[in-house]
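**Q** I am attaching a structure below and will ask some questions about it afterwards.
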Amino acid sequence: MARIVSDYAARVDRATPSERDRYIDLLRGVAILAVVVGHWLAVAVVADDGRIDGTSVLEVADWTHWFTWLFQVMPIFFLVGGYANATSWRRHRDAGGTWPAWLHRRSVRLLRPTAVFAAAAIAVVVGAHLAGVDPALLDQAGWVAGIALWFLAIYIAVAGATPLSYHLHERSRLGTLLALAAVLVPLDIARIVMVEPVWAAPNFLIGWALIHQVGYWWHDGAVPAGPRTGLPLAGLGAVALLGLTVVGPWPVAMVDVPGAVIQNSSPPSVVLLALVAVQAGVAFSVADAARRLLERPVVWTVVASLNRVVLTLFLWHMAAVVAAVAALHMSGLVPVHEPLSAPWWAWRPVWLLTLALVAGVLVAIFAPLEQRSAVAMTTRHHRPRVAGALAGIGVPVACIGLSQLTLGGLAGDGPLSIPVLGAGLLAVGLAATHGAGRFAPQP
C-alpha cells in the first residue's frame with residue numbers, strides 16, 4: 001500500500017509544472033478548509049416547539065467571537081487570488097491573449113460548477129415544495145445551503161477586473177492602494193459613527209478589491225516573502241487589530257454575527273485590513289519552510305488533490321449541513337442539546353464526522369465537473385468585439401444573480417418556490433460568459 005501511494009505521489013509530483021508556486025495552492029486549500037470547519041463548528045441545532053431549528057454559537061456566547069480570528073481566512077484567499085490572477089493574466093497577456101479570452105477561462109471554471117450547484121439545490125427545493133414541506137423551513141434551508149454564494153459573487157467580480165486593476169497597479173502600485181483606502185476608510189468610519197451599515201455598502205467591492213490588489217505586490221516581489229517582512233507586518237497588524245476592536249468601536253467578531261448592526265466582513269471594515277496584515281505576515285514568515293515541505297511528493301499530492309476539489313467542497317459544505325440535519329431528524333437520531341452545554345460538546349465530534357461524510361459523498365459526485373471546467377476552450381470564430389461585449393455583460397450579470405441567490409436564498413417566491421430572478425440572471429450571465437470564449441482569440 002505504501003509503495004502504491006509513493007508511486008502515485010511521484011507521478012503527481014513529476015506532472016506538476018516547475019513554474020507552479022505550490023505554496024499558493026497550500027494557502028488556498030487551507031483557507032477553504034478553515035471556512036468549512038468554521039461554518040460547521042458555528043452551526044448549532046436547537047429545538048423550537050417540537051421542530052428543528054438552527055442558530056449560531058456566535059449569537060449564543062460573545063466569547064466565541066475571538067475564535068473567528070482563526071477561521072476568518074477569506075482575506076488570505078483574496079490575497080492569494082491577487083497573486084494567482086496576476087500570474088495568470090501576465091502569462092496570458094504576454095502570449096498575445098486578450099482580456100475576453102482570459103476572463104472566459106477564469107470565470108467559467110468558477111461559474112459552471114456554481115450553476116450546477118444552484119440548479120441541483122433548486123431542484124431539491126422544488127421537490128420539497130411538492131412534498132408539502134413547511135415554506136418557512138424550506139426558506140431557511142435554502143438560505144443556509146446557499147450562504148457561501150456571496151463570496152463567489154464578489155470574488156468573480158474582483159478577479160474579473162484583473163486586466164484593469166493590474167494595469168493600474170503597473171502604473172502606480174502605491175497610488176492604486178491609497179485610492180482604494182481613501183474610499184474604504186471614510187465610508188467605514190461613517191457607518192461606525194452613524195451606526196448605519198448602508199454607509200459602507202461600496203466597501204463590499206472596494207475592501208476585497210484592495211486585499212486582492214495587495215496580492216499583486218506579493219506577486220511582483222514588491223513585498224518579499226520572508227520573516228524579515230512577515231514578522232513586523234504581523235506584529236503591526238496585531239497591534240492595529242487589538243486597538244480597533246478592544247479599545248476602538250469595531251466588533252471583535254471577524255464574521256457576521258446574527259443580529260449585530262455592525263459587521264466586520266459585511267462589508268469589509270478597516271479591522272479586516274488589519275487581520276489580513278496579520279495573516280499575510282504569518283504567510284510570508286513561513287513561506288520558505290512551507291515551500292521546502294511541499295517539495296516532498298506525498299505532501300504535495302495531498303495539497304494538489306485538495307485543490308482539485310476545493311470549489312466543490314466550498315459550494316456544497318453547507319448543503320451537507322442541511323442534508324445531515326434532515327436525514328438525522330427524519331430518522332430520529334439527531335440529539336438536541338442546549339448550545340455550548342456539556343452534552344452539546346460531547347456530541348460535537350459525531351456532528352463533525354457526519355458532516356464530513358455527507359460532504360465527502362457530495363464532493364465525490366460533483367467534483368469531476370469542477371475538474372472538467374478547468375479545460376480550455378477552442379475559439380470557433382475570431383470576433384473580438386463580440387467577445388468583449390459578451391464577457392463585459394456576462395460576468396457582472398452572473399455576479400448579480402449570485403448575489404440575489406445569496407440574499408433571497410435558494411428557495412424563492414416564484415412558482416414552486418423557484419428563485420426565478422437569481423437563477424435567471426446566473427443562467428444568462430453564464431451563457432454570455434461561455435459565449436465569449438467562442439469568439440475571443442486564444443493565445
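The values are calculated or read from the model by the stated rules, or taken from the named source; none is laboratory data. Computed from a predicted model, the values in this text were never measured in an experiment. When we count neighbours, we look across all protein chains shown, and the Cβ atoms used for this are built from the backbone with ideal geometry, even at glycine. Note: accessible area is taken over every heavy atom of the protein model, side chains too, but ligands, DNA and RNA are not part of it. Shrake-Rupley method; radii C 1.70, N 1.55, O 1.52, S 1.80 Å.
**Q** Name the residues in segment 365-385 that are open to solvent by 100 Å² or more (accessible area, probe 1.4 Å), closer than 30 Å to A121 by Cα and either of a type in the set (G, A, S) or at pLDDT below 75 (or both), would you?
**A** Of everything in segment 365-385, those that are open to solvent by 100 Å² or more (accessible area, probe 1.4 Å), closer than 30 Å to A121 by Cα and either of a type in the set (G, A, S) or at pLDDT below 75 (or both) turn out to be R372, V375.
**Q** Any idea which of (1) modelled with pLDDT under 90; (2) over 30 Å from V133 (Cα atoms); (3) open to solvent by less than 20 Å² (accessible area, probe 1.4 Å) is the one W344 doesn't satisfy?
**A** (2)
**Q** What's the number of the only condition in (1) surrounded by fewer than 20 Cβ atoms within 10 Å (Cβ to Cβ); (2) modelled with pLDDT under 90; (3) not hydroxyl-bearing (S, T, Y) that L231 fails to meet?
**A** (2)
**Q** Please work out which one of (1) under 18 Å from N264 (Cβ atoms); (2) in contact with a Leu (Cβ under 9 Å, 6 or more places away or on another chain); (3) open to solvent by less than 40 Å² (accessible area, probe 1.4 Å) is the condition P202 fails and give its number.
**A** (3)
**Q** Taking L273, is it assigned to a helix (DSSP H, G or I), of a type in the set (A, V, I, L, M, F, W, C) and surrounded by fewer than 16 Cβ atoms within 10 Å (Cβ to Cβ)?
**A** So L273 does not fit the description; no.
**Q** Test G226 against the stated conditions and say whether it is open to solvent by less than 30 Å² (accessible area, probe 1.4 Å), closer than 21 Å to W89 by Cα and among the small types (G, A, S).
**A** Taking the combined requirement at face value, the residue does not satisfy it.
**Q** Answer yes or no: is there a residue in segment 63-82 that is buried (at least 21 other Cβ atoms within 10 Å of the Cβ), in contact (Cβ under 8 Å) with a residue 24 or more places away in the chain and among the aromatic types (F, W, Y).
**A** Taking every residue of segment 63-82 in turn, at least one turns out to be buried (at least 21 other Cβ atoms within 10 Å of the Cβ), in contact (Cβ under 8 Å) with a residue 24 or more places away in the chain and among the aromatic types (F, W, Y).
**Q** While we're here: Could you check S18 against (1) more than 19 Å from the chain's Cα centre (by Cα); (2) surrounded by fewer than 16 Cβ atoms within 10 Å (Cβ to Cβ); (3) touching a residue at least 12 places away in the same chain (Cβ under 8 Å) and say which number it fails?
**A** Status for S18: all satisfied but (3).
**Q** Let me ask something additional. For residues in segment 286-321 being of a type in the set (V, I, T) and under 19 Å from the mean Cα position of the chain (by Cα), which is most open to solvent (accessible area, probe 1.4 Å)?
**A** Ranking the candidates gives V309 first.
**Q** Which of the residues belonging to segment 121-146 are surrounded by fewer than 18 Cβ atoms within 10 Å (Cβ to Cβ) and under 20 Å from A398 (Cβ atoms)?
**A** A123
**Q** How many residues does segment 22-80 hold that are closer than 24 Å to V133 by Cβ and out of contact with any strand residue (DSSP E or B) (no Cβ under 9 Å at 6 or more places or on another chain)?
**A** 6
**Q** Which residues, taken from segment 92-120, are of a type in the set (V, I, T) and open to solvent by 20 Å² or more (accessible area, probe 1.4 Å)?
**A** Passing the criteria: T98, V116.
**Q** Further question on the same structure: Restricting to segment 400-434, what's the tally of residues that are assigned to a helix (DSSP H, G or I), open to solvent by 10 Å² or more (accessible area, probe 1.4 Å) and not polar (S, T, N, Q)?
**A** Result for segment 400-434: 16.
**Q** For segment 161-196, which positions are farther than 20 Å from P268 by Cβ, in contact (Cβ under 8 Å) with a residue 12 or more places away in the chain and open to solvent by less than 50 Å² (accessible area, probe 1.4 Å)?
**A** Once the filter is applied, which keeps residues that are farther than 20 Å from P268 by Cβ, in contact (Cβ under 8 Å) with a residue 12 or more places away in the chain and open to solvent by less than 50 Å² (accessible area, probe 1.4 Å), segment 161-196 yields P163, Y166.
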